[in-house]
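The values are calculated or read from the model by the stated rules, or taken from the named source; none is laboratory data. This is a predicted model, so every value here is computed, not measured. So basically every Cβ, Gly included, is an ideal-geometry build from the backbone, and we count neighbours across all protein chains shown.
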Amino acid sequence: MEYIKNRFYEKTNKCISEYQKLRKEHGDKVLTEITFGQVLTGMKGIPALITDTSKLDANEGIRFRGFSIPEIRKRLPRLNPEGEPLPEGLFYLMLIGEIPEEEDVINLSKDWATRAHVPQHVFDVIDALPKTSKPMTQFSAAIVSMATESVFQKAYRSGIHKKYYWDFMYDDVMNLIARLPRIAAYIYRRCYFKDKHIEPDPRLDWAGNLAHMMGHDSDEVKRLMRLYMVIHADHEGGNVSAHTTHLVGSALSNPYYALGAGMLGLAGPLHGYANQDVINWIFEMLEDLNTEEPTKEQIEGYVQRTLHSGRVVPGYGHAVLRVTDPRFTAQKEFADKYIKNDKLVNIVNTLYEVVPPILGSVGKISNPWPNVDAYSGSLLYHYGIKEHAFYTVLFGVSRAMGVLASLIMDRLYGLPIERPSSYPLDWFKEQAENL
Ligand code: HAX
């Protein structure tokens, strides 16, 4: 599928000289001031990374190459007019910067299908882990073990010129994304369906095939999977999974290593693990309250108790967003349209009424509104994907598209190794006292 690679190079190669020019002509200028607060609270808001695939606005949410979630849901190609857009189209948009034609998306689907063969040793690595090991452990181990296939690593060791790095990176990235559904489904069937694996169907689209290999073959689940894969794909460059992938890639590690590391960041409870934690927490609440249909007052009481016990309310809050996450809204619209009276979905909707005023009243919480993880588990659960320990793997399959598209660009621009400075706490104290 060389024409997508060629199109990418045609559209993006001018950025190489733009990046070099910025570096050369403006390298000494002051870009912005940084406060102590920013440094001491996780580098919040410091403009420190180049990421073209998407940009997050605190009050509006994510835009992929300028297009909001409602816009991409309207404009990206889909298999049928009622359905959700194909994630392949979003990948094309993130990589190339333009809305693809239907033909581009179908071609990309076919390209990924031809690249989807997973080497046997990757399955052997998964099988060598105990079935009780967390799905994200199995997922990242499988990804890292696939580095044997890295064409970038081979090319680097053979001494290719750095201006060609991106070209090999592109092939690794396409191969890796193509194989992730098979790996994810393998882990799912291994852990929850006694190793009864389901072969891929190369005629299906990337997300549809994932649902099929997981054993959830209905049109409804495929439709949900397409939505899920689209909305989780990217959230600009500073979030933990994106930043980790980029950072590890900056050492010229191959994309398998870089993504494996990024996925381990995604596995943390303040990031992608929140999508399973929401469901864990709701079930804990139901057990505690001894009911399947708690009242609004009971839920309020449980949220308060969670806060008083020094825990976070999962699915709420965000490091950047200051409004309801549009990815939450997209899922709520989906539920409102297709799901009638589901107990778990009803609880998630009640939480949306109950939690923001409570978090808002705490005072220190910057954003009391729900993020993407507040809704996703209830939708999966409704459609029969009930194994919540697996949910972060689905997030990871999707997130790979954004962070790996960026990784190709990192190598095209020739971004150097990342190396910020660190100082002991005393140094910061001295600086503060001398101001
Ligand atoms: N419940 C309780 N307390 C919360 C909270 C929540 N949902 N969100 C923030 N806070 C607390 C923080 O823990 C922090 O407390 P301390 O000062 O005592 O440390 C304080 O409020 C200020 O935090 P903040 O500035 O509002 O938020 P941060 O940027 O530090 O953290 C988080 C952002 C998303 C990590 C945070 O809101 C949180 O922990 N949320 C719950 C977990 C969650 O849903 N994570 C998923 C986020 C989306 C994502 O990445 N998905 O993959």
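Scanning region 32-54 for residues that are more than 15 Å from the ligand (Cβ to nearest atom) and within 21 Å of residue 414 (Cα to Cα) turns up 47, 48, 49, 50, 51, 52, 53. Checking each residue in region 299-319 for being surrounded by fewer than 18 Cβ atoms within 10 Å (Cβ to Cβ) and more than 14 Å from the ligand (Cβ to nearest atom) picks out only 301. Scanning region 244-280 for residues that are under 24 Å from residue 370 (Cα atoms) and either more than 13 Å from the chain's Cα centre (by Cα) or acidic (Asp, Glu) (or both) turns up 269, 270, 276, 277, 278, 279, 280. Contact map, region 273-301: residues that are under 18 Å from residue 359 (Cβ atoms) and of a type in the set (S, T, N, Q) paired with residues that are within 16 Å of the ligand (Cβ to nearest atom) and at pLDDT 95 or above, Cβ distance under 8 Å, separation 6+ or inter-chain. No pairs are found. The set of residues in region 362-419 that are within 11 Å of the ligand (Cβ to nearest atom) and without any contact (Cβ under 8 Å) to a residue 60 or more places away in the chain comprises 362, 363, 364, 365, 366, 367, 368, 369, 370. If you go through region 281-298 and keep only what is within 12 Å of the ligand (Cβ to nearest atom) and either surrounded by fewer than 18 Cβ atoms within 10 Å (Cβ to Cβ) or of a type in the set (Lys, Arg) (or both), you end up with nothing. In region 103-152, of all residues being part of a loop (DSSP other than H, G, I, E, B) and of a type in the set (Val, Ile, Thr), the one that is surrounded by the fewest Cβ atoms within 10 Å (Cβ to Cβ) corresponds to 132.
With respect to residue 335, determine if the residue is more than 14 Å from the ligand (Cβ to nearest atom), among the small types (Gly, Ala, Ser) and surrounded by 14 or more Cβ atoms within 10 Å (Cβ to Cβ). In short, yes.
Of all residues in region 144-156, none satisfies being within 27 Å of residue 85 (Cβ to Cβ), of a type in the set (Phe, Trp, Tyr) and in contact (Cβ under 8 Å) with a residue 60 or more places away in the chain.
Taken together, the residues in region 320-332 that are in contact with a helix residue (DSSP H, G or I) (Cβ under 9 Å, 6 or more places away or on another chain) and more than 11 Å from the ligand (Cβ to nearest atom) amount to 6.
Considered as a group, the residues in region 29-61 that are within 19 Å of residue 18 (Cβ to Cβ) and exposed (fewer than 11 other Cβ atoms within 10 Å of the Cβ) include one that is farthest from the chain's Cα centre (by Cα), and that residue is 29. Residues in region 257-264: is at least one part of a helix (DSSP H, G or I), within 16 Å of the ligand (Cβ to nearest atom) and farther than 30 Å from residue 171 by Cβ? No, because not a single residue in region 257-264 is part of a helix (DSSP H, G or I), within 16 Å of the ligand (Cβ to nearest atom) and farther than 30 Å from residue 171 by Cβ. So is residue 269 closer than 17 Å to residue 388 by Cβ and within 11 Å of the ligand (Cβ to nearest atom) or not? Here the answer is yes, as residue 269 does meet what is asked.
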